[in-house]
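Let me begin by presenting the structure, written as structure tokens, before commenting on it.
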Amino acid sequence: PHTAGRISLIHNGIIENYIELRERLAAEGREFKSETDTEIAAHLVDSYLKESDDPYEAFKKACADIRGSFAFLAIDSENPDRILVAKNATPIVIGEGQGEVVIASDIPAVLEITKDIRVLEDGDIAEVRLDSLRIENNGEPVERVLQHISWDPVTAQKGGFKHFMLKEINEQPEVIADTFRGRIVRDPAGVTLPEIGLSAEDISRIDRILLLACGTALHACLVAKFYLEEFTGIPCEVDYASEFRYRTPVFNEKTLVIAISQSGETADTLAAVESASGTARTLGICNVLGSSLARKVNHVMFTHAGPEISVASTKAFTTQIVAAYLLAIYLGLERGTLDSERSLQLLDALTRAPQAVSDAIKSESLVEGVARKYHRSRGFLFIGRGNCYPIALEGALKLKEISYIHAEGYPAGEMKHGPIALIDEELPVVVVLQREKRIYDKALSNLREVESRGGRIIAVTDADDTAELEALSDTVIKVPFVSNELSPLVLTIPLQLLAYYVAVHNGTDVDLPRNLAKSVTVE
């Protein structure tokens, strides 16, 4: 918790107007112990206590000033018999047991104490005591129904979802925020990554970057290449870790080798890092503290995705993209290839990404309809351009992993160099199409070729003017636009859902597909 005066407060989420609130509070003479947005919220509530000694009213006024996503719990030191709660776009549940009340972000966390749960809704402000509960929304008293949860332990672990994969898809807005929380500096705009331990001198000496991974993590590397080259000006290469170890690669002490792995135990990735160690500087991006990769590299950055149970990776992939995005901004600022103004634009876009991903998940029913229509297809072709062609590769991988349908991903410009021979009236072609005009227009020309050959086009886009795209396509799935750089992050969500629902309709084991393991710990 962060403490300011009488108020101690914890927070899950992102305060978007953090800078202006900080300036306002600083003008009042308040002093801050950290750079976090959470501390600002604590100070804001405490400042309103000067106007009214009622902590509930002060808490309400503070929440009204805050823009963003948040779940707040606050305690006033002079009224320790109550907890103040607020919810907006970030989950909160209240469990009521025998002589006790428990507040958490998810139902499974409270089931060992009680199965009687109230779920708060966006805009709710609550005052929780042992013997009473007060909830308001927009200043009006509201009731939230007390639900009795009858989940068994396995269902509870899945959070009520049918499969871990679907649960993990739905967790992405929260874990994406977790990955950048505490790493963004607002004034001046920047990224703080003290845990990786790269000095300014180390960064200035880098003249080449090698990105190594396998499977889904390799696709995260392909997206990372776009960020690193654009933000730092350093040449980047992406290589399969499983191939890298059997070549005679060229690198030296000025090379930064970045290895990405969800588990940090991927055998080929570890072997590739081993071959680079001692000459190149090595950096790992992974999700598991204490993993072999974290111990083997010179520097490490954790993604904070939380446990991922389903074999097909979803939230680990999107948090790897976010980690790479932060790392690229950090290196760009240190090298002077990014200025503060551009960094602020990039970071502001990132703070909007969790909500955009949350909105993209709302395409679920439309995507399920597409899956129902095409789940018996003999194959799929996925295409994309620019920084979204890796998302086409990832969409194809997801589909083949869990539905056992053959799928191929290609850069759209490569379609004429072979894949166009596959197109007929029975082949669904999934196009990942970002808004950026130059890429959008080129991709449309590719789709005209697909349409003229009878291919069934499923378009996933963050563009707003889609009239021509809709004329060419069987289905257009729209997601929110955040920025050109973060289009891959949002556009991947419908592809995850498509793979999931095709597998469900085909009756395959979604979470444990045949012949696959969560961590490939052998060669």
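The values are calculated or read from the model by the stated rules, or taken from the named source; none is laboratory data. These figures come from a predicted structure and were not determined experimentally. For neighbour counting, all protein chains shown are included, and Cβ atoms are generated from backbone atoms with ideal geometry for every residue, glycine included. For accessibility, only protein heavy atoms count, side chains too; no ligands or nucleic acids. Shrake-Rupley method; radii C 1.70, N 1.55, O 1.52, S 1.80 Å.
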Q: Using only Cα atoms, find the angle between the long axis of helix 437-452 and the longest principal axis of the chain, and express it within 0 to 90 degrees, rounded to the nearest 10.
A: 50 degrees
Q) Rounded, prolate or oblate: which one fits segment 439-517, using the alpha carbon gyration tensor with axes a ≥ b ≥ c (rounded when a/c is under 1.5, else prolate when a/b beats b/c, else oblate)? A) oblate
Q.
List the residues, sorted by chain then number, that are 5 or more residues from Gly190 or on another chain and whose placed amide H is less than 5 Å from its amide H.
A. Val185
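Mind checking the full-extension length gain between Gln98 and Glu425? Use 0.36 nm per residue of separation minus the Cα-Cα distance, one decimal, nm. Provide the component values of the computation, followed by the final result.
Details: separation 327, 0.36 × 327 = 117.72 nm, distance 6.24 nm.
The span from Gln98 to Glu425 would gain 111.5 nm if fully extended.
So for each of 309-318, 418-427, 169-178, 32-41 I average, over its residues, the number of other beta carbons within 10 Å; can you give me the resulting order with the highest mean first?
Values: 309-318: 25.8, 418-427: 13.9, 169-178: 23.6, 32-41: 19.5.
By packing density, highest mean first, the sequence is 309-318, 169-178, 32-41, 418-427.
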Q. Which angle from 0 to 90°, rounded to the nearest 10, does the C-alpha axis of helix 18-27 make with the longest principal axis of the chain?
A. 30 degrees
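With a 1.4 Å probe and all protein chains left in place, how much of the accessible area of segment 323-383 comes from carbon and sulfur atoms, in whole percent?
Numbers: 1090 of 2440 Å².
Exposed carbon and sulfur together represent 45 percent of the surface.
If you take the square roots of the eigenvalues of the alpha-carbon gyration tensor of segment 39-181 and sort them as a ≥ b ≥ c, do you get rounded (a/c under 1.5), prolate (a/b over b/c) or oblate? It would help to have the intermediate numbers written out before the result.
Values: a/c = 2.25, a/b = 1.44, b/c = 1.56.
Oblate.
Counting only DSSP beta bridges with both residues in the chain, what percent are antiparallel, rounded to the nearest 5? The partial results should precede the final answer.
On the way: 41 of 82 bridges.
Beta bridges within the chain, antiparallel portion: roughly 50 percent.
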Q. Just how far, in whole angstrom, is segment 325-376 from segment 224-254 if you go by their alpha carbon centroids?
A. 23 Å
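Work through the residues other than Ser343 whose Cβ is under 13 Å from its Cβ and net out their charges, Lys, Arg +1 and Asp, Glu -1. Walk me through the numbers before you get to the answer.
On the way: positive: Arg183, Arg186, Arg335, Arg342; negative: Asp187, Glu230, Glu334, Asp339, Glu341, Asp348, Glu485.
Around Ser343, the charge tally is -3.
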**Q.** Linear extension gain, Ser105 paired with Glu121, 0.36 nm per residue minus alpha-carbon span
**A.** 4.5 nm
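Viscosity 1.567 mPa s, temperature 4 °C: Stokes-Einstein D of the chain from its Kirkwood Cα radius, in µm² per second?
Reported coefficient: 53 µm²/s.
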(Q) Would segment 254-334 count as rounded, prolate or oblate if I go by the C-alpha gyration tensor, calling it rounded below 1.5 in a/c and otherwise prolate when a/b exceeds b/c, oblate otherwise? (A) oblate
Q: Work out from phi, with θ = phi - 60° and the Karplus expression 6.51 cos²θ - 1.76 cosθ + 1.60, the ³J(HN,Hα) of each residue of segment 488-502, listed in order in whole Hz, and give x for Gly and Pro.
A: x, 5, 7, 5, 6, 4, x, 5, 4, 5, 4, 4, 4, 6, 4
Q) Once you put a point 7 Å from the Cα of Arg438 and another 7 Å from the Cα of Ser340, both along the Cβ direction, what distance in nm separates them? A) 3.0 nm
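With a 1.4 Å probe and all protein chains left in place, how much of the accessible area of segment 141-199 comes from carbon and sulfur atoms, in whole percent?
Numbers: 1550 of 2820 Å².
The value for segment 141-199 is 55 percent carbon and sulfur by accessible area.
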Q.
List the residues, sorted by chain then number, that are 5 or more residues from Ile92 or on another chain and whose placed amide H is less than 5 Å from its amide H.
A. Leu120
Q) Taking the mean number of other Cβ atoms within 10 Å as a proxy for protection, how do you rank 509-517, 224-232, 258-266 from highest to lowest? A) 258-266, 224-232, 509-517
Q: Please compute the net charge surrounding Ala459, taking Lys and Arg as +1 and Asp and Glu as -1 over other residues with Cβ under 12 Å from its Cβ.
A: -3
Q | Karplus-derived HN-Hα couplings along segment 369-385 (A = 6.51, B = -1.76, C = 1.60, θ = phi - 60°), whole Hz, x at Gly and Pro | A | x, 5, 4, 4, 6, 10, 5, 9, 5, 6, x, 9, 10, 10, 10, x, 10
**Q.** Derived scalar couplings ³J(HN,Hα) [segment 478-485; Karplus, 6.51 cos²θ - 1.76 cosθ + 1.60; whole Hz; x for Gly, Pro]
**A.** 9, 10, x, 8, 10, 6, 4, 5
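Taking the solvent-accessible surface of protein heavy atoms with a 1.4 Å probe, what is the per residue accessible area of segment 1-103 in Å²?
Working: 4460 Å² over 103 residues.
Computed with neighbouring chains in place, this is 43 Å² per residue.
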(Q) Can you compute the helix-only [θ] at 222 nm over the chain? Use -39500 (n - 2.57) per DSSP H run of at least 4 residues, normalise by all residues, nearest 500 deg cm²/dmol. (A) -12000 deg cm²/dmol
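If you count the DSSP beta bridges with both ends in segment 1-112, what percent of them are antiparallel, to the nearest 5? Show your work: numbers first, answer last.
Working: 21 of 22 bridges.
In segment 1-112, DSSP labels about 95 percent of beta bridges as antiparallel.
Highest mean first, what order results for 12-19, 52-59 on Cβ atoms within 10 Å?
On the way: 12-19: 20.0, 52-59: 17.6.
Highest-to-lowest ranking by the protection proxy: 12-19, 52-59.
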Q: Return the inverse of the average 1/r over all pairs of distinct C-alpha atoms in segment 348-487, which is the Kirkwood hydrodynamic radius, in Å to one decimal.
A: 15.2 Å
Q) Quick one: Cα centre-to-centre distance for segment 454-523 and segment 421-440, in angstrom? A) 12 Å
Q. What angle do you read, to the nearest 10 degrees and between 0 and 90, between the alpha-carbon axis of helix 340-361 and the longest principal axis of the chain?
A. 90 degrees
**Q.** Gain on full stretching of the segment that runs from Arg24 to Lys162 - 0.36 nm per residue minus C-alpha separation
**A.** 45.0 nm
